[in-house]
Amino acid sequence: MARRGKEFADVLEKFVCIRIVQANSIDLTTFQFDPMLTWAVFFLHADRTVYGRYGTRSGPNRSGDVTDAGFRKAALAALELHRGYPANRESLRGKIGPAPRFKTPREYPSLAHFPAEVDVRASERNHPSCMHCHDLQIAEFNLLRAAKEPIPTGTLWPFPMPDALGLSLDPEERCTVKRVASGSAAEHGGFQVGDELLALEGQPLISVADVQWVLHGAKDGATLAAKVRRGGTEESRSLSLPQGWRRNGDITWRQGTWVFFRPDLRADPVPAEERKRLGLGADAVALRIHGLGAALEAAGFRTGDLVVAVAGRRSGIDSVSQLIEAVAQTTRPGDKLAVTILRDGKELPLEIALP
Amino acid sequence: MIRFAPVLLLLGALAQDKPLHPLQEALSDLDPEGEWHYNNPDAGFAEAKATGKPVLLVFRCTP
């Protein structure tokens, strides 16, 4: 952005700009963001009050999640919040989360070997002294695994997209509803295409990332208070979060999850009619494999196989992401994962060697 | 305009002489838009306090 910033010159000149190129010594109390982002922006007051975040990544190659127009609108909205500060201070309190486990990344045992600062002469890509943001998620998973603690659902599915609730926002806008899925929590909450989301749980919103931030801290079963602008009028809405709503998301691309399960299985749930034809219940495990890595092929899996049981479970797993969740919650490093597949009408027990 | 040309040239020369942060040099961010603090948030926040401007802080790895 600094280098191709001519089109943002009028915006950037209104800010003091800071660029951080590695995670080695970042302040984890203030800077809580999705560690899988390749580009994350915070807008703040000099006293480190956060006005908002910008930067979203819904999948491995979703470059459309961030746009020039969306960034500009977020920056202008941050300037508006700056003009309203400190009168709006109370509404911004939630923009910083609860105290993190560690104040800086190097306090994680698995990250202690990184230096506090990277030698700038070693600033080339993937230099071993340069801690990446995604290393933080891996460190958190490793710590929980070493302590034999369960992996919280919110840690496995961090910074959920509002799409998990049927609410798709337009990346070209600040926070405008682009689609509402039929039968979704968003539809039940009365959201409509074109609604402009102004605040969620009292926090002013400047971007999709701000919505993700509120969702990141939300509990299953909670009802979030929303303020929307529709046709020039401000209205109150509510968004109820059903149990397990995060589990609709995709975590297979998140490098941190590879601690539990190597990213070499691609499979999708089979449609309801096919389940019925196969004599499987509506909530039965039924994942059709359409892509395999060499290790799984060597273990006997084939493209076209139907996964019907994972670690003895025959229900409640409806995606590879949910399979990873089952692995994270129930296995130890180096375990063998028992998987039953259906091939040519016969069940076949196979095993996956876990990392 | 011509009257101001020497002043503009001098300002241009001063801008050229401003030392680059070593990291800025390493990243080849030789002509960034705006004034950037590289890997030094404390300096950035101090400037924001002094100027009354808000802060835009970017986390971005080396490309």
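Every read-out reported here was derived from the displayed coordinates using simple, explicitly stated rules and does not represent laboratory data. What you see is a predicted model, and the numbers here were worked out from it, not measured in a lab. Methodologically, a virtual Cβ is constructed for each residue, glycine included, from the backbone with ideal geometry; neighbour enumeration extends over all protein chains shown.
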| request: Might you report the magnitude of the Cβ-based charge dipole of region A:110-189 about its Cα centre, with Lys and Arg at +1 and Asp and Glu at -1, to the nearest 20 debye? | output: 180
| message | What's the ranking of A:295-301, A:88-94 by average number of surrounding C-beta atoms within 10 Å, highest first? | response | A:295-301, A:88-94
| task | Note down the magnitude of the dipole of region A:179-321 about its Cα centre, charges +1 on Lys and Arg C-beta and -1 on Asp and Glu C-beta and zero elsewhere, to the nearest 20 debye. | result | 340
| For the protein assembly as shown, what is the charge dipole size about the Cα centre, in debye to the nearest 20, if Lys and Arg each add +1 at the Cβ and Asp and Glu each add -1 at the Cβ? | 440
| field | For chain A: relative contact order, % (alpha-carbon pairs under 8 angstrom, 6 or more apart) | value | 13
| Shielding of B:39-45 by partners, i.e. mean partner chain Cβ atoms within 10 Å per residue? | 6
| task | Excluding A:His113 itself, calculate the net charge of residues whose Cβ lies under 13 Å from the Cβ of A:His113, where each Lys or Arg counts +1 and each Asp or Glu counts -1. | result | -1
| field | Full-stretch length increase - A:Trp258, A:Lys6 - with 0.36 nm per residue and alpha-carbon distance subtracted | value | 86.8 nm
| said: Neighbour counts of other C-beta atoms within 10 Å: give me A:Thr38, A:Thr56, A:Thr252 arranged from fewest to most. | reply: A:Thr38, A:Thr252, A:Thr56
| With labels modelled as points extended 7 Å from the Cα through the Cβ direction, what inter-label distance (nm, one decimal) is found for A:Glu235 paired with A:His113? | 5.7
| task | Calculate the spin-label point distance for B:Ala50 paired with A:Ala146, positioning each point 7 Å from the Cα along the beta-carbon direction, and give it in nanometres. | result | 4.2
| task | Report the normalised scattering of region A:301-355 as log10 I(q)/I(0) at q = 0.22 Å⁻¹, calculated by the Debye formula with identical scatterers on the alpha carbons. | result | -0.85
| field | Computed lengthening from A:Arg62 to A:Ala87, 0.36 nm per intervening residue step minus Cα-Cα distance | value | 5.3 nm
| request: Could you list A:Leu337, A:Leu44 in order of exposure, starting from the residue whose Cβ has the fewest other Cβ atoms within 10 Å? | output: A:Leu337, A:Leu44
| message | Give me the percent relative contact order of region A:279-320, please, defined on Cα pairs under 8 angstrom at least 6 residues apart. | response | 52
| remark: Fewest-first ordering of A:Arg343, A:Arg277 by Cβ atoms within 10 Å yields A:Arg277, A:Arg343
| What is the average number of partner chain Cβ atoms found within 10 Å of a Cβ in A:22-31? | 2
| message | Show me the three semi-axes of the equivalent ellipsoid for region A:40-133, from the C-alpha gyration tensor (sqrt of 5 times each eigenvalue), largest first, rounded to whole Å. | response | 29, 20, 13
| query | So who's got an amide H within less than 5 Å of the one on A:Asp195, skipping anything under 5 residues away but keeping other chains? H placed 1.01 Å off N, in plane. | reply | A:Val177
| request: Please report the orientation-averaged projected area of chain A, defined via the convex hull of its C-alpha atoms, in nm². | output: 19.9
| query | Calculated from DSSP H runs of 4 or more alone, at -39500 (n - 2.57) each and per residue, what is the 222 nm mean residue ellipticity of chain A, nearest 500? | reply | -5500 deg cm²/dmol
| request: Assuming a ≥ b ≥ c are the square roots of the Cα gyration tensor eigenvalues, decide whether region A:114-197 counts as rounded (a/c under 1.5), prolate (otherwise, with a/b larger than b/c) or oblate. | output: oblate
